[in-house]
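Please treat every number below as a calculation from the coordinates, not as lab data. Here the structure is a predicted model, which is why all the values come from computation and not from measurement. So basically every Cβ, Gly included, is an ideal-geometry build from the backbone, and we count neighbours across all protein chains shown.
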Amino acid sequence: MIWVTWRQHRTQAVVCLALFCAVAIAAVALGAWMRSTFSSDGLGACLARSGGADCTSVIDAFTQKFNGPVIPLGVILFALPGFLGAAVGAPLLGSELERGTWQLAWSQTVPRTRWLVTQLALVVGGLVVFGAAVTAVVTWARGPLDEVSMRAQTPLNFEGLYLTCSLLCAFALGVLAGLLLRNTIGGMVVAYIAWEAPSLVATLLSGPLHILTVTKTIACTNGCARASASSIPPVTGNLGDQVLSLTRTGNHLIVTYEPASRFWTLQLIDAGLFLAVAAAALGTAIWLLHRRTT
Amino acid sequence: MTLEASVPALRADRLGKQYGHVWGLRDCSFEVPAGSVVGLVGPNGAGKTTLLALTVGLLAPTEGQVAVFGEPSRAQTEGTLARVSYLAQDHPLYRNFTVGDMLRFGRSMNPRWDHALALGRMEALGIPLARKIKALSGGQQAQVALTLALAKRTPLLALDEPVASLDPVARLEFMQDVMAEVADKGLTVIIASHVIAELERLCDWLLVLTGGRLQLSGPLDGLLAGHAVLTVPRQTQDADLPGAVLSRTDSDRHSTVLVAADQAHVAAAWQPGWLSEPAGFEQLVLAYLRRPPVAAPAGRSMVGEGTAR
């Protein structure tokens, strides 16, 4: 069964490896460039010296320089989980049903539920390894930028659990769509469209909706006049915090912001959403296939 | 061995399968002894594939059951899957696999897989293991699919329209191969087909299905002996003829009738001026195929096992 699963997904595994290599080459090149700039511009030294308080202009210059180059990577990674997940998921049952090979596969001495669970377990394992590997190189590449930018938003930059869970969600929807439509291409299209829903919600939750903001009052030490929401470093004093609004009252500031420490909370919310959809889709697929002796 | 021989290879007991509101197969009961070569005949949509799928455990019955060597078939259980080999219609295979991959697929999916048998057959047939399935001819693909079924090493082989897509030469070779293996290993085989002529040479047991109903079941020689073709004067009433009248063709002065009656019945009803001939295979099958499905239960009980032994 393990060999059969490997043989049926060999081509997909090779494509994933090639994708990983392409992303890794781009990420390593970008990461190396960032790191050399980080030290040659004196940013690293400035951060070490002052914790960011005196580095406004050099941080500004650094983020200006690299926010552009990371965009292509982000764009590729944005669509990747949906396309790849649907492309791997939809044929798993869709192609068997479309080509009639299910009659061959499920009349051997392996009951079809075990057949499906084995296939799913192995392919999900492969996708997790792929997702984790891509996340690792992207996270490494973005390291210097993350030190000086708003960390809570980074789910959108495909760090942490986001990419892997998003990929699994698209895969699971692909498996279910392939089973329901008995067709590979149709399954891929439907799965990609369906994946947009949890993907959009996750993007909104970790980005524009700012669901985990904190409001606190800060006493101004060296004058409130120059403080603004876009101050670098932020008025909260932590480089990773994202200040959303700021009101002056005498010599105090009322600040609403998303703390950098909420990164993992947001990650878990997104991951939970993706994995819940994935589990529901795979559970339904297993149940339908088990029942489908009618 | 004696015990095994007494257990029927196949036994259906009021077997039925409903698809939505439509019955694909209903009230189907029969027995087939071990070692038989069973011809399963019927028009498209008669329920042949349904019967095979129920037997091999791809489908679960709505009512009744079918047992293989005494063990009821249960959908997608390892026990049932291990007892029957199935060659589906159009012999599906993974087109991107090589022949070697296909055999390895069989080996990794079946605990009793006979790899030597599989390799030997490929060599004997001159099918290279490195060739892709999609590069093989239709006949070669059918042979690879048959090899998968044979190397699974089961006592029952179920073939669904195995030669429908093959040219006449490939058909002949394929069926010769099946029969050689069946004879060699003492297998029971059930072959669904609508090519009646093909079956006449091969089968020793016949099942006829129409409209999801079993019309006829029995050993071929018994069925032939249990039917007669009579040529009688045209004015002879059906009621005066022995047994049930299955078909009747009237000409100017005479009628040719196929009756479900053995020699003794024919002799008992005999009237001067009648002519009697043995029934032919094709004539018999066609007569049952043409009968309306609703008449099935009566036809079955009348003909079935009574004349069989």
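Determine, for B:Tyr19, B:Tyr288, B:Tyr94, A:Tyr257, the number of other Cβ atoms within 10 Å of each Cβ, and report the residues in order from fewest to most.
B:Tyr19, B:Tyr94, A:Tyr257, B:Tyr288
Average projected area of the Cα convex hull of the protein assembly as shown, in nm²?
36.5 nm²
Using only atoms on other chains, find how many Cβ atoms lie within 10 Å of each Cβ of peptide B:91-97 and report the average.
Other-chain Cβ atoms within 10 Å of each residue's Cβ, averaged: 5.
Picking from A:Asp60, A:Asp270, A:Asp241, which is most flexible by a Gaussian network model of chain A using Cα springs under 10 Å?
So, out of A:Asp60, A:Asp270, A:Asp241, the one fluctuating most is A:Asp60.
Might you report the magnitude of the Cβ-based charge dipole of the stretch B:7-218 about its Cα centre, with Lys and Arg at +1 and Asp and Glu at -1, to the nearest 20 debye? Each step should come with its number before you reach the end.
Values: 21 positive and 20 negative charges, 113 e Å.
Approximately 540 debye in magnitude.
If you take every DSSP beta bridge fully contained in the stretch B:7-218, what fraction is antiparallel? Give it as a percent rounded to 5.
55 percent
In 10 Å bins starting at zero, report the fraction of Cα pairs in the stretch A:164-294 per bin as a rounded %.
Per 10 Å bin, starting at 0, the Cα pair percentages come out as 12, 30, 19, 15, 13, 8, 3, 0.
Please tell me the relative contact order of the stretch A:229-294 in percent, rounded to the nearest whole number, where contacts are Cα pairs under 8 Å and at least six residues apart. Let's see the in-between values first.
Numbers: 44 pairs, mean separation 12.4, N = 66.
Dividing the mean separation by the residue count of the stretch A:229-294 yields 19 percent.
Helix-derived [θ] at 222 nm for chain A: sum -39500 (n - 2.57) over DSSP H runs of at least 4, divide by residue count, nearest 500?
Working: 9 runs with 202 residues, N = 294.
So the calculated ellipticity at 222 nm is -24000 deg cm²/dmol.
Return the Cα extents of the stretch B:134-208 along principal axes one, two and three, sorted largest first, each rounded to a whole Å.
36, 28, 18
Relative to the first principal axis of the alpha-carbon coordinates of chain A, what is the inclination of helix A:184-206, with its axis defined by its Cα atoms, in degrees from 0 to 90 and to the nearest 10?
Once rounded, the angle reads 20 degrees.
Tilt of helix A:112-148 relative to the longest C-alpha principal axis of chain A, in degrees (0 to 90, nearest 10)?
20 degrees
What is the calculated FRET efficiency for B:Val7 to B:Val169, with r their C-beta to C-beta distance and R₀ = 35 Å, to the nearest 0.05?
That pair, B:Val7 with B:Val169, gives E of 0.35.
Return the single residue from B:Leu241, B:Leu52, B:Leu275 with maximal mean-square fluctuation; model: Gaussian network over chain B, springs between Cα atoms under 10 Å.
Between B:Leu241, B:Leu52, B:Leu275, it is B:Leu275 that shows the largest mean-square fluctuation.
Suppose every Lys and Arg Cβ carries +1 and every Asp and Glu Cβ carries -1, with no other charges. What dipole size does chain A come out with about its Cα centre, to the nearest 20 debye?
Value, rounded to 20: 640 debye.
Taking the dipole about the Cα centre of the stretch A:140-282, with the C-beta of Lys and Arg at +1 and of Asp and Glu at -1, give me whichever of A:Trp140, A:Phe171, A:Pro259 is farthest to the positive side.
A:Pro259
Enumerate the calculated ³J(HN,Hα) couplings along the stretch A:103-109 in order (Karplus 6.51 cos²θ - 1.76 cosθ + 1.60, θ = phi - 60°), each rounded to whole Hz, writing x wherever the residue is Gly or Pro.
Running phi through 6.51 cos²θ - 1.76 cosθ + 1.60 with θ = phi - 60° gives 5, 7, 4, 9, 10, 7, 7 Hz.
Going toward the positive end of the dipole of the protein assembly as shown, with +1 on Lys and Arg Cβ and -1 on Asp and Glu Cβ, which of A:Asn238, B:Pro272, B:Leu59 do you reach last?
Toward the positive end, the furthest listed residue is A:Asn238.
Compute the relative contact order of chain B as a whole-number percentage, counting only Cα pairs closer than 8 Å that sit 6 or more residues apart in sequence.
Over chain B, the number comes to 19 percent.
Other chains' Cβ within 10 Å of B:201-211 residues: what's the mean? Please report the intermediate quantities before stating the final value.
Working: counts 0, 0, 0, 0, 0, 0, 0, 0, 0, 0, 0.
If you average over the peptide's residues, the count of other-chain Cβ atoms is 0.
Within 10 Å of each Cβ in peptide A:94-106, how many partner chain Cβ atoms are there on average? Round it to a whole number, please.
That average works out to 5.
Rounded to the nearest 500, what is chain B's calculated 222 nm mean residue ellipticity when only DSSP H runs of at least 4 contribute -39500 (n - 2.57) each, over all residues?
-10500 deg cm²/dmol
Given all pairs of different Cα atoms, what value in angstroms does the Kirkwood hydrodynamic radius of the stretch B:7-218 take?
Across the stretch B:7-218, the inverse of the average 1/r is 17.3 Å.
Taking just the alpha-carbon atoms of chain A, what radius of gyration and Dmax come out, in angstrom?
My reading of the Cα-based Rg and Dmax gives 23.3, 79 Å.
Evaluate 2.2 N^0.38 Å with N set to the residue count of the stretch B:37-124, then give the Cα radius of gyration divided by it. Spell out each step's value before the answer.
On the way: Rg = 15.2 Å, N = 88, 2.2 N^0.38 = 12.1 Å.
Compactness ratio reported: 1.26.
Computed from the mean reciprocal separation of all distinct C-alpha pairs, what Kirkwood hydrodynamic radius does the stretch B:208-300 have, in Å?
13.5 Å
Peptides B:100-111, A:111-122: what's the order by average Cβ count within 10 Å, highest mean first?
Result, highest mean first: B:100-111, A:111-122.
Compute the Cα gyration tensor for the stretch B:228-278, then decide on rounded, prolate or oblate, letting a ≥ b ≥ c be the square roots of its eigenvalues: rounded whenever a/c is under 1.5, prolate when a/b is larger than b/c in the other cases, and oblate in all that remain.
Taking the square roots of the gyration eigenvalues as a ≥ b ≥ c, the stretch B:228-278 is prolate.
May I ask you to list the lysines whose Cα is less than 26 Å away from that of B:Lys132, ignoring any residue fewer than eight positions away on the same chain?
B:Lys152
Using unit Cβ charges (K, R positive; D, E negative) and no other charged atoms, how large, in debye to the nearest 20, is the dipole of the protein assembly as shown about its Cα centre?
1260 debye
Put +1 on the Cβ of each Lys and Arg and -1 on the Cβ of each Asp and Glu in the protein assembly as shown; which of B:Val68, B:Val245, A:Val117 then has its Cα farthest toward the positive end of the dipole?
So the residue furthest toward the plus end is A:Val117.
Report relative contact order for the stretch B:148-300 in percent, whole number only (criteria: Cα-Cα under 8 Å, sequence separation at least 6).
Once divided by the residue count of the stretch B:148-300, the mean separation gives 22 percent.
Find how many whole Å separate the alpha carbon centroid of the stretch B:113-144 from the alpha carbon centroid of the stretch A:15-71.
Computed from Cα coordinates, the inter-centre distance equals 57 Å.
Give the residue list of trypsin sites (Lys or Arg not before Pro) in the stretch A:161-254 that are DSSP loop and have at most 10 other beta-carbon atoms within 10 angstrom.
Sparse-neighbourhood loop trypsin sites (Lys or Arg not before Pro): A:Arg226.
Sorting A:Ser39, A:Ser261 on the 10 Å Cβ count, fewest up front, what's the list? Please list the in-between numbers first.
Values: A:Ser39 11, A:Ser261 14.
Least crowded to most crowded, the residues run A:Ser39, A:Ser261.
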